[in-house]
Amino acid sequence: MDYNGKVLKDNSGKKHTIYGDCFASGGEGEIYKLSGENGYVAKIYYPKYRTDERHNKLKAMLLTDYNKLPECAWPVSVLYDDSGFCGFIMRSMTGYIGLIDFYVYDNRSKYTWAQYVTVAMNIAAVVSSLHELGHVVGDLNPNNILVDTKSCKVAFVDTDSYHIRSKQGTLYPCVVATPEFSAPELQGVDFQKLEKNKSVFNTNTDNFSLAILIFRICE
């Protein structure tokens, strides 16, 4: 996708200009810088993923003040191009490394036991905050968590995949799971074939995944 220089509007009508080529990409979209907006980036979905379901999910997520989740790349606003819904704005998480790079055995000698314990505590605190606000991560795994090795702060990314229930009760489910971090009741589940409002993820399944993460970090 060529979005360099494109002017997009958000859900409040404010204009934002894409700056430069994408600097990161995934299976669903690309990440771009925003001109004059340090600290924030835009995720632009590939056209096939700009569905009404995703659009409504992001609008439901906006009802939670992103300032209550400073460690999360939570949606700040929804973006629209000339064709309609195209993505969202989130915080830019810089200065971090992947959680796996932090706890992989080859790097164990670089960090102290206290650092590992602090990172584990910080991850648990973010999960607790999400639960208190009524949200469930769903696919809680190390690929979606970053670490600042100096401060031991953590950052949660890919939040648009979370298991979200709107204020009106509509469920926007997480539809993926990482088997080695999933609770027993989720093993073998075909998430694509579940009924729309079937809630298979909950705080207990998150806590199961969290326990595995803590074990991996502190073993």
Per-region count, the range 132-185, residues open to solvent by 10 Å² or more (accessible area, probe 1.4 Å), among the polar types (S, T, N, Q) and either within 16 Å of Leu58 (Cβ to Cβ) or touching a residue at least 24 places away in the same chain (Cβ under 8 Å) (or both) = 8
So Val127 clears everything in (1) open to solvent by 40 Å² or more (accessible area, probe 1.4 Å); (2) touching a helix residue (DSSP H, G or I) at 6+ places or on another chain (Cβ under 6 Å); (3) of a type in the set (A, V, I, L, M, F, W, C) except one condition, right? Which one?
-> (1)
Considering residues of the range 186-212 that are surrounded by fewer than 18 Cβ atoms within 10 Å (Cβ to Cβ) and among the small types (Gly, Ala, Ser) only, the residue nearest to Lys57 (Cα to Cα) | Ser199
Which residues, counting only those in the range 49-73, are open to solvent by 50 Å² or more (accessible area, probe 1.4 Å), part of a helix (DSSP H, G or I) and touching a residue at least 40 places away in the same chain (Cβ under 8 Å)?
-> Glu53, Asn56, Lys59, Lys68
Residue satisfying condition, being over 25 Å from Asp148 (Cα atoms) and aliphatic (A, V, I, L, M), within set Leu69, Leu79, Leu34 | Leu79
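The values are calculated or read from the model by the stated rules, or taken from the named source; none is laboratory data. Computed from a predicted structure; not experimentally measured. Here the Cβ is made from the backbone with ideal geometry for all residues, glycine too, and neighbour counts use every protein chain on show. For accessibility, only protein heavy atoms count, side chains too; no ligands or nucleic acids. Shrake-Rupley method; radii C 1.70, N 1.55, O 1.52, S 1.80 Å.
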